[in-house]
Amino acid sequence: MKLQQLRYIWEVAHHDLNVSATAQSLYTSQPGISKQIRLLEDELGVEIFARSGKHLTHITPAGEAILQAAEEVLFKVKSIRQVAEEFADERKGSLSIATTHTQARYALPETIGDFIEKYPEVSLHMHQGTPMQISEMASDGTVDFAIATEALELFSNLIMMPCYRWNRCLLVPKGHALTQSSRLTLEDVAVHPIVTYVFGFTGRSKLDDAFMAQGLVPKVVFTATDADVIKTYVRLGLGIGIIAGMAYDQKMDSDLVALDASHLFASSITQIGCRRDTFLRGYMYEFIEHFAPHLSREVVAEAFICQTKADLAELFSHLELPVY
């Protein structure tokens, strides 16, 4: 059994069983991957992938168990390399982050700019996706950190640490009727067509919960994953926008009016998550603390020894989170 073979089966499983696509991503040949998978299956005496002709059709029950063990082995190997890199040169390495458009566009630029200036020899990679995709990438070790508001809590192997609290604003054209209201209510909002985030994105669940609690059915006419897209359709007159307050830029969005909606919806918390067995290099601790100053190296180290979500909640219960 070779590490290369474990890498191949893991990559094939994460490329929808497409050996050709896997070969392209690994800069190797399709026959070479197929041969190594067959050799591994022969050695183990079980099929990892079921086949129809030359095509892989699904992962077998034995394959599911083997892939889970392979993932753990590959992640341990990655951690060993990170330990060695930390002692060989603490200012060189790589850092991969998965996050949503809102975080990448509005919350992270300053942190990333300062990080690159301080660590020019650390290769920084950013992946964008849905909260579920982001969480999965952190859970399976594809990225070091996931930064999101939704879905992280669904993965038990992730340590989740709160970064900041935020809320929403309503976005309307100048002169819109809602700009005349001294204090908005959900009833005021519900009578207008709404343009907002896709469910599962950027705290959308808090928005839906608020309307439901008052027995209101919002007229959501258009959804998107990107706050800039939402703004575009507000400008086109499709409806009023509901976006994260941080996504409103007074200069770039001066043709629109942002109305405070923090009293209408429960606030959301953006978190940073990583695997429990991650070896955090020095610059990784610094990245976390720059993004969320209350998450010092000592606090993060304490989080890693917490055994349960209740322990984590207790650790962070005394923190006064910044409001974005």
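Points worth noting:
- If you run the Gaussian network model on the chain, springs between alpha carbon atoms under 10 Å, then out of M137, M252, M284 the most flexible one is M252.
- Helical segments meeting 27 Å axial Cα length and Kyte-Doolittle -0.5 threshold in the chain (DSSP H): 61-88
- Percent of beta bridges antiparallel (DSSP, the chain, rounded to nearest 5): 55
- Distances between placed amide hydrogens fall under 5 Å for T225 paired with V198, all partners being 5 or more residues away or on another chain.
- Accessible surface, per residue, of the stretch 284-324 when the full set of protein chains is kept, probe 1.4 Å, Å²: 60
- Percentage relative contact order, the chain, counting C-alpha pairs under 8 Å, at least six apart: 19
- Choice from L264, L39, L186 showing the highest fluctuation, given a GNM over the chain with Cα pairs closer than 10 Å: L39
- Contact order relative to length of the stretch 1-114, as percent, for alpha carbon pairs under 8 angstrom and 6 or more apart: 20
- Mean residue ellipticity at 222 nm, helices only, the chain: -12500 deg cm²/dmol; runs of at least 4 DSSP H residues each add -39,500 (n - 2.57), and the sum is divided by the number of residues.
- Gaussian network model of the chain, Cα within-10 Å springs - most flexible of P131, P162, P109: P109
- Of the GluC sites (Glu not before Pro) found in the stretch 246-320, the ones in coil according to DSSP and having at most 15 other Cβ atoms within 10 Å of their Cβ are E320.
- Sequence-distant residues sharing a close amide H with Q128 (under 5 Å, placed H): T99
- Rounded to the nearest Hz, the phi-derived 3J(HN,Hα) couplings of the stretch 245-262 under the Karplus curve 6.51 cos²θ - 1.76 cosθ + 1.60 (θ = phi - 60°) are x, 5, 7, 8, 10, 4, 7, 6, 10, 5, 7, 10, 10, 9, 10, 4, 10, 5, where x marks glycine and proline.
- Remark: the stretch 138-178 projects, on average over all directions, an area of 4.9 nm² (convex hull of Cα atoms).
- Inter-part distance, the stretch 307-324 to the stretch 1-32, computed on C-alpha centroids, equals 40 Å.
- Near L95, the amide H atoms lying under 5 Å from its own belong to S123, L124, H125; only residues 5 or more places off or on other chains count, and H is placed 1.01 Å from N.
- Between the stretch 72-147 and the stretch 39-68, the alpha-carbon centres lie 31 Å apart.
- Sorted largest first, the principal axis extents computed over the alpha-carbon atoms of the stretch 191-324 equal 50, 36, 24 Å.
- Averaging the sequence gap over all C-alpha pairs within less than 8 Å and six or more residues apart, then dividing by the number of residues, gives the stretch 34-77 a relative contact order of 25 percent.
- Computed from backbone phi with θ = phi - 60° and the Karplus coefficients 6.51, -1.76 and 1.60, the 3J(HN,Hα) list for the stretch 94-107 is 9, 9, 10, 10, 10, 7, 8, 4, 4, 5, 5, 7, 10, 9 Hz; x is used for glycine and proline.
- As a fraction of the 1.4 Å probe accessible area of the chain, surface on carbon and sulfur atoms comes out at 54 percent.
The values are calculated or read from the model by the stated rules, or taken from the named source; none is laboratory data. Just so we're clear, the structure is a prediction, and the values are computed from it rather than from any experiment. Counting neighbours? That spans all protein chains shown, and the Cβs are built from the backbone with ideal geometry, glycine included. Calculation scope for accessible area: heavy atoms of the full protein, side chains included, ligands and nucleic acids excluded. Shrake-Rupley method; radii C 1.70, N 1.55, O 1.52, S 1.80 Å.
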